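What follows is a set of notes on a single structure, which appears directly below.
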């Protein structure tokens, strides 16, 4: 009965710690997902000079094609852009379609969609590279916004990683301590088995098995609890912000992540059990208590 | 056979727990180890059961030189011993039957042999009717008999007992010592540490007396109660 309640309380502590760990991982994961979705809109527009030659255009196209930072490219020639402008602005600016100068004002351009995780410095370098290319008038990629965004992401990501690491460290500390206490309460049992000539594997196996089972059941409980809390949280947020695409993209653990979390949870308690039992099962811890007058 | 050859044990401090301890106990002999608390009795038992190392000297137990035991040999060596404690050291969550069968389970004996041997020793210690009970439901004397049964089930060559009657009344103490005598009669070397001079005097057995870590007397109490000393 005492053993059962000890096992139960140990499992409860592990459950709580693992839930915290999963929670901090989900926070980090969803933030990254959010950033990624946002970053997918990273674009660069390379405006071309009116007098760009065919060779210059082809050279630029080759350069764009060979750059790994660029995911997709769309070329808009003057006629196409003009057509778009006219379609969008004709009703607002009467007489626009008749302006002969309009064609000269509108430049041809390449619209480049960049990789979501491209660093601002890389984008800046790419921009400078295009800027130096013959036939390029101007390169636009929202430099100010990108720099602010990168700093913000860095700060939030550092804060989240720090919080996650603190929670992970503290949780692992609690897990190893609670398992150590659990094993330590059976110190005399271990000593009795040593006295009777039990080998290390015979003594350690039940403790390691118990550690692995405690870890396994606790991590399953923690996945269940965090899953339940995640669903509740998502439902609440969706109700509050129904149109936000970021809210819709909130994700729980994927299949591989679940497997890693599950095995990691088992491994953490297994290792804690291993170190605790190794500390106690030395073969030299005596049941004889020396009395001194 | 137990043979201490000029054994010294010094703990940090320094505390000289054993000083030039030198004696020999033959196979099948029944010997008492007496002396006041802190004299070094338990240290001697710690040496025999290889829980502690010697500072110098030599200790031979049967075919084993205790100072040369490796970590791997340690469990195998301990399987040759039977150890009894004043406070029994039984596993509280196991029945009498399960406690007694532990040494044979550890030695991976066949189940049928284990069952038969447990029944035999339970008969020997007179506790067959209590085999399904847990230690906490037994009296002190009964618990000690369970501990003795566990210590002899694997038929060890040597049985050591540290104050086995320390928690028992005189009548029960004598019962327990009688049980040890029977075990000794079957060829097991029995070495018992005790404070109980009355009990030692009653039995005409060899007595090793230790004080401040040194042997002061080896001999035996004869029938008229006087001590017949032998050379150290």
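Miscellaneous remarks
- Gaussian network model of chain A, springs between alpha carbon atoms under 10 Å - residue of A:199, A:264, A:227 with greatest fluctuation: A:199
- Residues residue A:205 and residue A:237, FRET efficiency given R0 of 56 Å [Cβ-Cβ distance, rounded to 0.05]: 0.75
- Cα coordinate range in segment B:64-113, projected on the principal axes (Å, largest first): 36, 30, 14
- Volume in Å³ per residue [convex hull over Cα atoms, computed for segment B:142-216]: 103 Å³
- Where only alpha carbons of segment A:127-213 are counted, the Rg and the Dmax (Å): 29.1, 89
- Just checking the listed ones, B:58, B:163, B:73: in the Gaussian network model of chain B with Cα springs under 10 Å, the one fluctuating most is B:73.
- Within a Gaussian network of chain A (alpha carbon springs, distance under 10 Å), most fluctuating of A:210, A:79, A:138: A:79
- For the protein assembly as shown, adding -39500 (n - 2.57) for each run of n ≥ 4 DSSP H residues and dividing by the number of residues yields -17500 deg cm²/dmol at 222 nm.
- Counting only DSSP beta bridges with both residues in the protein assembly as shown, the antiparallel share comes to about 65 percent.
- Restricting the calculation to alpha carbons of segment B:90-154 gives Rg and Dmax of 10.5, 31 angstrom.
- Coordinate range of the alpha-carbon atoms in the protein assembly as shown per principal axis, descending: 141, 47, 42 Å.
- A quarter of the convex hull surface defined by the alpha-carbon atoms of chain B gives 12.9 nm² as the mean projection.
- Inter-probe distance in nm under a simple model that places probes 7 Å from Cα toward Cβ, at residue A:61 and residue B:169: 11.1 nm
- The antiparallel fraction among DSSP beta bridges confined to chain B stands at about 55%.
- Bridges between two residues of segment B:112-218, per DSSP, are antiparallel at a rate of about 45%.
- Average other protein chain Cβ within 10 Å of Cβ, residues A:188-196: 6
- Once the C-beta distance of residue A:284 and residue A:6 is scaled by a Förster radius of 25 Å, the resulting FRET efficiency is 0.45 to the nearest 0.05.
- With N counted as the residues of segment B:129-178, its alpha-carbon radius of gyration over 2.2 N^0.38 Å works out to 1.17.
- Against the empirical curve 2.2 N^0.38 Å, the C-alpha radius of gyration of segment B:11-131 lands at a ratio of 1.28.
- Peptide packing: for A:108-120, B:76-88, the average count of neighbouring Cβ atoms within 10 Å per residue gives the ranking B:76-88, A:108-120, highest mean first.
- Here the convex hull built on the C-alpha positions of segment B:97-232 has a volume of 131 cubic angstrom per residue.
- The relative contact order of chain A, computed from alpha carbon pairs under 8 Å that lie at least 6 residues apart in sequence, is 30 percent.
- Contour minus Cα-Cα distance for residue A:163 and residue A:51 (0.36 nm per residue): 34.8 nm
- The value given for segment A:158-260 is a Kirkwood hydrodynamic radius of 17.5 Å, derived from the mean inverse Cα-Cα separation.
- Average other protein chain Cβ within 10 Å of Cβ, residues B:71-79: 4
- A simple spin-label model places pseudo-atoms 7 Å from Cα toward Cβ; at residue B:27 and residue B:53 they are separated by 3.1 nm.
- Average partner coverage of B:82-89, which counts Cβ from other chains inside 10 Å: 3
- Label-to-label distance, nm, for residues given as residue B:182 and residue A:68 (7 Å Cα→Cβ offset): 8.5 nm
- Peptides B:197-204, B:185-192, B:102-109, A:156-163 ranked from most to least packed give B:185-192, B:102-109, B:197-204, A:156-163, packing being the mean of other C-beta atoms within 10 angstrom over each peptide's residues.
- At R0 = 22 Å, FRET efficiency that the Cβ-Cβ distance of residue A:31 and residue A:263 yields, to 0.05: 0.35
- Pair-distance profile P(r), taking every C-alpha pair of chain A, with 5 angstrom steps and integer %: 1, 5, 9, 10, 9, 9, 8, 8, 7, 6, 6, 5, 4, 4, 3, 2, 2, 1, 1, 1, 0, 0, 0, 0
Values in this text are rule-based calculations from the coordinates and carry no lab data. Small disclaimer: the values here were computed from a predicted structure and weren't measured. Glycine gets a Cβ as well: all are built from the backbone with ideal geometry, and neighbour counts include every protein chain shown.
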